[in-house]
Amino acid sequence: MAKVKKIFACSNCGATSPKWIGKCPHCGEWNTYIEEVISRDTVTESKDKSWRTQEKASKSKPVPLPEIKAGETTRLTTPDAELNRVLGGGIVPGSLVLIGGQPGIGKSTLLLQLALHVPFTILYISGEESDEQIKMRADRIGGEAKNCYILSETNTSKILKHAQNLRPSLVIIDSIQTLSSPHIDSMPGSVSQVRECAGELQRFAKEEHIPVFIIGHITKEGSIAGPKLLEHIVDAVLQFEGDRNYTYRILRTIKNRFGSTDELGIYEMQASGLREVSNPSELLLSQKDEDLSGSAVAATIEGLRPMLIETQALVSTSVYSAPQRSATGFDLRRLGMLLAVLEKRAGLFFAQNDVFLNIAGGIRVDDPAIDLSIVAALISSLEDVAIPTDVCFAGEVGLSGEIRTVNRVEQRIQEANRLGFKEIYISKYNTKGLDTGRYDIEVKAVSKVQELYYALFK
């Protein structure tokens, strides 16, 4: 007979305590401890609930490091080039991948679309939808679906037994918050259940060498729901983000043990599913018939991919005593720093003006090279002078007003040249060893914000 035990678990970090505590001693959050009931099984019950067979029970032993033979891991390549890029070249066998995102952003559509188009066997576990609902969505997306198996189940022991019998090449769980382990008596989605289910999936993936994709919900703050331990257990954490008012979706890598964490994939949401965007620059550059002030194009790099993104700024006279500062897709504190640099070093006054900044396309950019285009857009809106549409920028702005170098400037120039731009402004210190003669685009070097101001507007 199972022994029942009550504990209190922190909903933020997963720490446990035998009694309720107001402030968590591990993460410092207040009022996050929730009472949970844990069922401790006897030996006989544990054997009945376990997905492992006695024959397959692994007996690990210490092995000297020189005796371990390490070969090159063969990744599973999917038809989705964007997903392959984000994962570092494909799916690693035995890996545990967590995909998080807002409700309705397209997490289930992305993985179901993957399951319908891959040539190998996939087991799709759904705890939120019935088989008929998945079938209706699969018909809308389209695909062969010969190797896709659907299972509506929330019990982890039953799920892993089915997976062990079927031996698929990939297991997809939708979602981790709906699963429940028979070893825990708590409600599905609680801290203990999420932790236990993730641990069981991890052991299954490592022992059977079958990759597992997990869909996780996020909180209103934007972090993945459940204990922070969940992100530590998995091998890769992918964030599926985007504005619901836009059709573009970005798959960003937060953690990846088998590849780079700087990669991102771009999709476009359509009625028939998600479409891969192989050339995001053409989509992120807005189309307009006339030159308008406050608009500048930045040559950025996300991961290994160069992109040209339009930055839009609006500077207007404030009607309130405290001027407004607003930024969409850009760090607001960084915007405040750039405004301070322009006031101090260039003699341009924004103190009595409202400043609004927007990154076109609804995406968020963290590349420091976007600073120069934002400065150009701010000055353009302040002076009400339009910047030519065939001019782009790539440079970081320092606190003393200097234009600092950026990495991989040649790739940025090549991308701007390919898209038909005539001029690109870069840092003067980026021109060392740079052969500008082999490009059709004119490369202009500036060293200070004042030089950029006089070159564009004087």
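Before moving on, here are some points about what is shown:
- Restricting attention to the range 414-458, the residues being within 25 Å of G347 (Cβ to Cβ), among the aliphatic types (A, V, I, L, M) and in contact with a strand residue (DSSP E or B) (Cβ under 7 Å, 6 or more places away or on another chain) number 6.
- All conditions in (1) under 30 Å from L229 (Cα atoms); (2) in a strand (DSSP E or B) hold for M307, with the sole exception of (1).
- Looking across S260, S169, one residue alone is under 18 Å from the mean Cα position of the chain (by Cα), under 28 Å from R85 (Cβ atoms) and not assigned by TED's automatic domain parsing to the domain that holds A15. It is S260.
- Residue satisfying condition, being surrounded by 13 or more Cβ atoms within 10 Å (Cβ to Cβ), at pLDDT below 95 and in contact with a Phe, Trp or Tyr (Cβ under 8 Å, 6 or more places away or on another chain), within set E310, E302, E276: E276
- Test result for R408, surrounded by fewer than 21 Cβ atoms within 10 Å (Cβ to Cβ), farther than 26 Å from V277 by Cβ and either out of contact with any Leu (no Cβ under 6 Å at 6 or more places or on another chain) or in the same structural domain as V315 (by TED's automatic domain parsing) (or both): no
- So F330, is it among the aromatic types (F, W, Y) and more than 27 Å from T261 (Cβ to Cβ): no
- Test: residue in the range 389-404 that is of a type in the set (K, R) and at pLDDT 90 or above: yes
- Options I424, I370, I359: the member that is over 23 Å from I250 (Cβ atoms), crowded, with 21+ Cβ neighbours inside 10 Å and assigned by TED's automatic domain parsing to the domain that holds S316: I424
- Looking only at residues in the range 164-178 that are without any contact (Cβ under 8 Å) to a residue 60 or more places away in the chain and farther than 17 Å from K107 by Cα, the one that is surrounded by the fewest Cβ atoms within 10 Å (Cβ to Cβ) is N165.
- Test: residue in the range 164-171 that is farther than 19 Å from L116 by Cβ, part of a strand (DSSP E or B) and of a type outside the set (A, V, I, L, M): no
- Matching option when the condition is at pLDDT below 85 and either outside the structural domain of E29 (by TED's automatic domain parsing) or of a type in the set (S, T, N, Q) (or both), among M269, M187: M187
- Wholly within the range 63-146, helices (runs of 4 or more DSSP H) carrying at least 3 residues that are surrounded by 16 or more Cβ atoms within 10 Å (Cβ to Cβ) and outside the structural domain of F204 (by TED's automatic domain parsing): none
The values are calculated or read from the model by the stated rules, or taken from the named source; none is laboratory data. Note that the structure is a prediction, hence the values are computed from the model and not measured. Neighbour counts run over all protein chains shown; Cβ positions are idealised from the backbone, glycine included.
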